[in-house]
Amino acid sequence: MPLNSVVKNKMTFSNGVTTAELAARFHQVFEKIAQRAAVRDHERELAHEAVQWLRDVKFGAVRVPVQYGGLGASIEQLFDLLIDLAAADSNLAQIFRAHFGFIDRLLLDKDSQTQGRWLTLAGQGEIFGNATTEVSKAALGSVQTSVRWDEQNASWRLNGEKFYSTGTLYADWITVNAHRVIDGEPPQLVIVVVPVTASGVEIIDDWYGFGQRVTGSGTTRFVDVRVQGDQIIVHSHTEPSVLVAFFQLVHLATLAGIAKAIERDAVTYVQSRAHTFSHASAALAKDDPLVQQVIGKLSATAYVAFATVRAVAHTFGDIARWREAGRIITEEQLTEIELQAAKAQVGLVDQVLQSATQLFDVGGASALGETLRLDRHWRNARTLASHNPVIYKARIVGDNALNHTIPSFYWNVGVKQAA
């Protein structure tokens, strides 16, 4: 059954929050974050101050329902804000990726006890990081991190090591993918939520990527971390879900924000540029039709990226409202949102990367100056584009078009074992 609701820019949602109210609350903070974005990136200055500014205005509570102390904004409003935050500093948008994914997971699960505990904390301003991916030589699909019952201390004990722990350096809580091991039973994949201050938790700032340098995407270790039963969340990893597509769309919103920042920085650079070339078409770069053409392309890419992310976000919003109305979401609808996110990824990645390179066509060698740090846009976009490799998403889309195959709703990394 089709989903047909239309979300307009000034639409008021069930809690009364409007896009204009959200802009008034957050955009001054985003502007302040943008002022040091290039410096933070160049000097690898961790973004604790910027994250605190966002805490102060309860950015992490955007999607939390009003009854739990949040703002109750729609998915569409969230992704509009993420694009604007990423335009200010793409690191900050990615830092909150795990947090907003966990919030929507809670809204999806609809377990009142679990929601009551964790959504209340999020509504108070608490931030959730992640510890999901392992870089060991474990078999594809396996998880070596485990939570086991400790009879002597009457508690569970969490042990393991994760990498790509984006946002965890700045978080209050860590959501950990682990196997719950009970003697005589097959291990069950669960989410364990632990405070960053718990004994046995070690968060290491060892992210080595050349882009998204201050996201805290490094190692997190857990050594005999004591866990209570209500910190363990059972969540199906086999049934069709919107969650993987949601996480992917956060990356795409961040890429759309980078495209917006590329356009902004190119315009600022050209408008201030007095030097030109003897063979240029105008005395000033801003009047040169060739430079204007480049700016036009950058602007068009930013527009297409924004429109694409917003279109997919609308489908997410429709599904969320469908679910909130008590209607069953069909596998057909879940397949459609998964494919939409994949198509958006395939369509946007090359365009934004190309835009980050074309940016340098608007000027000469001065555009390479370290004070401008325009190279960060390509490095950051390339880093985001390398997550969840786009070549596999293109194949999935093509396989579906040709053979009507259903895309995988969950995927993982590891070492493929010999047959």
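The values are calculated or read from the model by the stated rules, or taken from the named source; none is laboratory data. The model shown is predicted, which means the values in this text are computed figures rather than measured ones. Note that we place each Cβ from the backbone using ideal geometry, even for glycine, and neighbour counts take in every protein chain shown. Ligands, DNA and RNA are stripped out before the accessible areas are found, and what is left, the full protein with its side chains, is counted by its heavy atoms. Shrake-Rupley method; radii C 1.70, N 1.55, O 1.52, S 1.80 Å.
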Kindly indicate whether Phe222 is assigned to a loop (DSSP other than H, G, I, E, B) and of a type outside the set (Ser, Thr, Tyr).
no
Pairs under 8 Å by beta carbon, first residue modelled with pLDDT under 95 and of a type in the set (Asp, Glu) in the stretch 137-162, partner surrounded by 15 or more Cβ atoms within 10 Å (Cβ to Cβ) and assigned to a strand (DSSP E or B), six or more apart or different chains?
Asp150/Trp156; Asp150/Arg157; Asp150/Arg226
Any residue that is in contact with a strand residue (DSSP E or B) (Cβ under 9 Å, 6 or more places away or on another chain), open to solvent by 30 Å² or more (accessible area, probe 1.4 Å) and in a loop (DSSP other than H, G, I, E, B) - is there at least one of those in the stretch 163-170?
yes
Out of everything in the stretch 371-412 that is open to solvent by 90 Å² or more (accessible area, probe 1.4 Å) and among the aliphatic types (A, V, I, L, M), what residue ends up being farthest from Ala93 (Cα to Cα)?
Leu402
Every residue from the stretch 115-149 that is under 23 Å from Val201 (Cα atoms), more than 22 Å from the chain's Cα centre (by Cα) and open to solvent by less than 40 Å² (accessible area, probe 1.4 Å):
Ala138, Val143, Thr145, Ser146, Val147
Mind listing whichever residues of the stretch 101-115 are farther than 11 Å from Thr175 by Cβ and assigned to a helix (DSSP H, G or I)?
Asp104, Leu107, Leu108, Asp109, Ser112, Gln113, Thr114, Gln115
More than 14 Å from Val304 (Cβ to Cβ), basic (Lys, Arg), more than 20 Å from the chain's Cα centre (by Cα) and surrounded by 17 or more Cβ atoms within 10 Å (Cβ to Cβ): does that describe Arg327?
no
Which listed residue, of Glu76, Glu43, is under 25 Å from Asp265 (Cα atoms) and among the acidic types (Asp, Glu)
Glu43
Scanning for something over 27 Å from the mean Cα position of the chain (by Cα), in a helix (DSSP H, G or I) and charged (D, E, K, R), does the stretch 287-299 turn up at least one residue?
yes
Of all residues in the stretch 1-26, which are in contact with a helix residue (DSSP H, G or I) (Cβ under 7 Å, 6 or more places away or on another chain) and modelled with pLDDT of 95 or more?
Leu22, Phe26
Members of the stretch 372-416 that are among the polar types (S, T, N, Q) and out of contact with any helix residue (DSSP H, G or I) (no Cβ under 7 Å at 6 or more places or on another chain):
Thr383, Ser386, Asn403, Ser408, Asn412
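Here is a yes/no grid of residues against (1) closer than 18 Å to Asn177 by Cα; (2) open to solvent by 60 Å² or more (accessible area, probe 1.4 Å); (3) of a type in the set (A, V, I, L, M):
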{"site": "Trp207", "(1), (2), (3)": "no, no, no"}
{"site": "Thr219", "(1), (2), (3)": "yes, no, no"}
{"site": "His235", "(1), (2), (3)": "yes, no, no"}
{"site": "Thr238", "(1), (2), (3)": "yes, yes, no"}
The one condition in (1) among the charged types (D, E, K, R); (2) at pLDDT 95 or above; (3) open to solvent by less than 30 Å² (accessible area, probe 1.4 Å) that Glu263 fails to fulfil:
(3)
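For (1) of a type in the set (Gly, Ala, Ser); (2) touching a residue at least 60 places away in the same chain (Cβ under 8 Å); (3) part of a helix (DSSP H, G or I), each residue gets a yes or a no:
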residue	(1), (2), (3)
Ala302	yes, no, yes
Asp318	no, yes, yes
Arg323	no, yes, yes
Arg327	no, no, no
Residues that are on the phi < 0 side of the Ramachandran plot and open to solvent by 50 Å² or more (accessible area, probe 1.4 Å): list the helices (runs of 4 or more DSSP H) wholly contained in the stretch 22-99 that include at least 3 such residues.
48-56
Tally time: how many residues in the stretch 352-370 are without any contact (Cβ under 8 Å) to a residue 60 or more places away in the chain and either of a type in the set (Phe, Trp, Tyr) or open to solvent by 60 Å² or more (accessible area, probe 1.4 Å) (or both)?
5
Report, by residue number, each residue of the stretch 100-114 that is of a type in the set (Val, Ile, Thr) and either on the phi > 0 side of the Ramachandran plot or under 14 Å from the mean Cα position of the chain (by Cα) (or both).
Ile103
How many residues of the stretch 88-136 are under 25 Å from Arg44 (Cβ atoms) and among the polar types (S, T, N, Q)? The answer is 6
